[in-house]
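No lab work stands behind these numbers, since they all come straight from the coordinates. Note that the coordinates shown come from a computational prediction; the quantities given were computed from them, not determined experimentally. Glycine gets a Cβ as well: all are built from the backbone with ideal geometry, and neighbour counts include every protein chain shown.
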Amino acid sequence: MSSAFQAPAGAITGKPRAKRPEILDVAGFGPQAAAYSRIFDWMVVACVILLFIGAIHLHVMLTVGDWDMFVDWKDREYWPLVTPISMIMFPAALQSVFWTYFRLPIGATVGAVCYMVGVAITRYVQWHLWTDYPYTMSLPAEMITGALLMDVVLITVRNSLFTSIFGGFIFALIFYPANAIIQMPYHLPVNHQGTIASVADMIGWGFPRSATPEYIRIIERGTLRTFGTQVSWVSAVFSGFICIFMHQLWWQVGRMMSSERFIPMGDFFRSLMGIKSPGRGKMIEEA
């Protein structure tokens, strides 16, 4: 092959990378310890993903509550106002981690996908199979669209502040249109005993929940109703304004919680990981 077409030194040529046992030797890893270390790394990754799914699902369930649990609670006023403010927190923190340490603009999307996977499993298993509650009446809100747009803004502006200003606002503004296809059938009017009501109203009357005050249906209330049919967009714009600050706050929380902390490793933990003790190696060399 001519030298003009040869790959430069250090370039990836497509050939399998040669094994470098000297790296494992310097690290104090034997072949078996290296294999166990890789298995341990994958176990840590799996545990982190499961913990994140549980954390974001619990967070949304406690802060959004019934507005995300029941389709008859997904109104035009409170649902597009409360839900994006809560849902943007964990994706913003994960977006900060992925961008700060890996320069990958996928953090918000990964967080949204983790939430959707977790909530889909729990709604089907706990609600549909366990309590026999219809799955179509407990559909979760979708936030992958807003998370994708936040990542697009991040890779475009490459700045956390402008990502909060534009990406956080878009996340809340696009929330209601992104879920309209799923939720609009429940807002259709029906004639019930001479009274016009929506399908969601019929579900609320036909499937009552607990009688405790926190489960009384709260929809379409307050002075925002004076805007008439534009109430959903007023709620979305106000939610977008709050999401600007929430995104920046949780971006900083993600950076703070993912900062490096070095803990001295004793001989006991070295032996658990299969790493040679420095003192033992020095004694062997002197012998």
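Annotations
- Amide H partners (placed H, <5 Å) of Leu139, local residues excluded: Val71
- Across region 88-100, coupling constants 3J(HN,Hα) worked out from phi with the 6.51/-1.76/1.60 Karplus curve, θ = phi - 60°, read 7, 5, 5, x, 5, 5, 5, 4, 5, 5, 5, 7, 5 Hz, and Gly and Pro carry x.
- Taking amide H as placed 1.01 Å from N in the peptide plane, Ser198 has its amide H under 5 Å from the amide H of Val190, each at least 5 places away in sequence or on another chain.
- Kirkwood hydrodynamic radius of region 47-185, Cα pairs, Å: 15.3 Å
- Couplings 3J(HN,Hα) for region 58-75, derived from phi with the Karplus relation 6.51 cos²θ - 1.76 cosθ + 1.60 (θ = phi - 60°), are 5, 4, 5, 5, 7, 8, 8, x, 5, 5, 9, 8, 10, 5, 7, 8, 7, 8 Hz, where x marks Gly and Pro.
- Placing unit charges on the Cβ atoms only, positive for Lys and Arg and negative for Asp and Glu, gives region 55-134 a dipole magnitude near 380 debye about its Cα centre.
- Extents of region 159-209, largest first, come to 56, 22, 15 Å (Cα atoms, principal axes, whole angstrom).
- As a proxy for reagent exposure, ranking Asp75, Asp132, Asp201 by other Cβ atoms within 10 Å from fewest up yields Asp132, Asp201, Asp75.
- Working note: Karplus 6.51/-1.76/1.60 with θ = phi - 60° gives region 168-179 the couplings x, 5, 5, 4, 6, 5, 8, 4, 5, x, 5, 9 Hz, where Gly and Pro are set to x.
- Relative packing of 244-256, 169-181, 31-43, 104-116, which averages over residues the other C-beta atoms within 10 Å, highest first: 104-116, 169-181, 244-256, 31-43
- Ranking of Val64, Val152 by count of other Cβ atoms within 10 Å, fewest first: Val152, Val64
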